[in-house]
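The block underneath contains the structure these notes are about, expressed in C-alpha cells.
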Amino acid sequence: MSDKIREILSWYRGENAGVLTNLSRLLNHGRLAGTGKMIILPVDQGFEHGPGRSFAPNPPGYDPNYHFQFAIDAGLNGYASLLGFLEAGAAEFAGQIPLILKLNSHDILHAEKDPLGAQTASISDALRLGCVAVGYTIYPGTVDRRIQYEQVRELIKEAKASGLVFVLWAYPRGGDLSKEGETALDVIAYAAQIGAQLGVHIIKTKLPSAHLELPDARKVYEAMKIPRDTLKDRVRHVVQSAFNGKRIVIFSGGAKEDDATIFEDARAIRDGGGFGSIIGRNSFQRERGAALNLLDHMIKIYQGKE
C-alpha cells in the first residue's frame, strides 16, 4: 500500500475495518491505484433524465453490461449505478470492478422547484450485490432538506455497521437559491461541509463558479480575501471546507462538454487538491473508442503525466 493511501485511510480511523477495507479497495483499483486520485463512472441518468436523453447519443449504453465492461476497460476506480443496472450485471462481472449502489433516485416527469428523491434500493441490496459502497443524493437548500438529512443519517449508520463506504451526492438546489447559486463557491463549499458533518466518507459535488450567493457569506469571503478567481482556487476552498482536505471530495462532470474543457477541469481539480472525478455523460455518451481515449487522458492528468 502506498504512503498516500495510508495517509488517506488515517483520516478515517474512527471507522471499522470493513469500511477501511472497502475504501482501500476503491483507492487501490484501476490505473489510478495508490495515487489518492479516483475516477468513477456513474450511470444513474436513465432514471434521472430518461433513457432517450441518456443513451441515444451512444446506443450501446442502453445495455447495462456495456457500462460494467466500459469501466473495467477504462481502468477506473469504480462503477456506480442503480439497483436495476447493477442487478443485471453484478454476477457476470463479479470482482472485476468495485461497485457503488445508488440508494435513491429522482425523476423529471413532474416539474418541481424543490426535488425530493425516493429511496429505490437498500443496504441489504448492496451487500447482496457485492458492493463496496453505497451512494445517496441530497439537495441542500430545498424545503425538505431536513427530511433528507435525517433519512440519509440513518442510512449512513446502517452502511457503516455493514462495513460499506458511503458516497454522498451533495447538489444544492431549490428554496431561495438562484440557478447561478446552485454552483456558487460559498454554496458548494457549504454542501461539502454538510456532507462531511453528516459523517460520509466521499463527497461528490459540482465544480464551483466564482459567484457568491449568500449575502452574509459574501461579506466574509470578500473581507478575508478568499481566492476564487481561478477554478483551481475554488476547488482548493471546497476541499478545505471538507475538514481541511481530510474527507475525499470528487467533482461531477455534468452535461457533455468538449474534451479541452474536461481536461482543463481535471487539471484544476488535481492542482487544487481535489481527489478526482465522477464522470458519466461526458464518457458514456461518447462513442466507445473516443470515450476510452478521453478517460485515458484524464487518468494521465491525475497521474501528473499531462
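The values are calculated or read from the model by the stated rules, or taken from the named source; none is laboratory data. The structure displayed is predicted, hence computed values, not measured ones. Note: ideal-geometry Cβ built from the backbone for every residue, glycine included; neighbour counts use all protein chains shown. For the accessible areas, the whole protein counts, side chains as well, though only heavy atoms, and no ligand, DNA or RNA atoms are used. Shrake-Rupley method; radii C 1.70, N 1.55, O 1.52, S 1.80 Å.
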I need the full set of residues from the stretch 241-266 which are farther than 21 Å from Glu7 by Cβ, assigned to a helix (DSSP H, G or I) and open to solvent by 10 Å² or more (accessible area, probe 1.4 Å), in order please.
Asp259, Ala260, Thr261, Ile262, Phe263, Glu264, Asp265
Could you say which residue among Gln197, Gln148 is closer than 19 Å to Ile248 by Cβ, in a helix (DSSP H, G or I) and of a type outside the set (D, E, K, R)?
Gln197
Output yes when any residue across the stretch 87-110 is surrounded by 14 or more Cβ atoms within 10 Å (Cβ to Cβ), under 20 Å from the mean Cα position of the chain (by Cα), under 29 Å from Ile147 (Cα atoms) and among the basic types (Lys, Arg), and no when none is.
yes
Total residues in the stretch 28-66, condition closer than 21 Å to Asp107 by Cα and in contact with a Gly (Cβ under 8 Å, 6 or more places away or on another chain)
8
Within the stretch 267-287, take every residue that is of a type outside the set (Gly, Ala, Ser) and assigned to a helix (DSSP H, G or I) and give me the one that is farthest from His67 (Cα to Cα).
Asp271
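Residue-by-condition table, conditions (1) surrounded by 24 or more Cβ atoms within 10 Å (Cβ to Cβ); (2) more than 17 Å from Val152 (Cα to Cα); (3) of a type outside the set (Ser, Thr, Tyr):
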{"residue": "Ala170", "(1), (2), (3)": "yes, no, yes"}
{"residue": "Ala191", "(1), (2), (3)": "yes, no, yes"}
{"residue": "Ala196", "(1), (2), (3)": "no, no, yes"}
{"residue": "Ala210", "(1), (2), (3)": "no, yes, yes"}
{"residue": "Glu213", "(1), (2), (3)": "no, yes, yes"}
Would a scan of the stretch 10-20 turn up a residue that is surrounded by 14 or more Cβ atoms within 10 Å (Cβ to Cβ), closer than 20 Å to Arg286 by Cα and hydrophobic (A, V, I, L, M, F, W, C)?
no
Here are Gly141, Gly135: which of them is surrounded by 15 or more Cβ atoms within 10 Å (Cβ to Cβ), on the phi > 0 side of the Ramachandran plot, in contact (Cβ under 8 Å) with a residue 40 or more places away in the chain and not aromatic (Phe, Trp, Tyr)?
Gly141
Out of Ala192, Ala290, Ala217, which single residue is touching a residue at least 40 places away in the same chain (Cβ under 8 Å) and either assigned to a helix (DSSP H, G or I) or of a type outside the set (Asp, Glu) (or both)?
Ala192
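Just to be sure before I move on: is Lys157 more than 15 Å from the chain's Cα centre (by Cα), of a type outside the set (A, V, I, L, M, F, W, C), at pLDDT 95 or above and not in a loop (DSSP other than H, G, I, E, B) in the structure I sent? Step through it out loud before you land on a result.
Values: more than 15 Å from the chain's Cα centre (by Cα): yes; of a type outside the set (A, V, I, L, M, F, W, C): yes; at pLDDT 95 or above: yes; not in a loop (DSSP other than H, G, I, E, B): yes.
Yes, satisfied.
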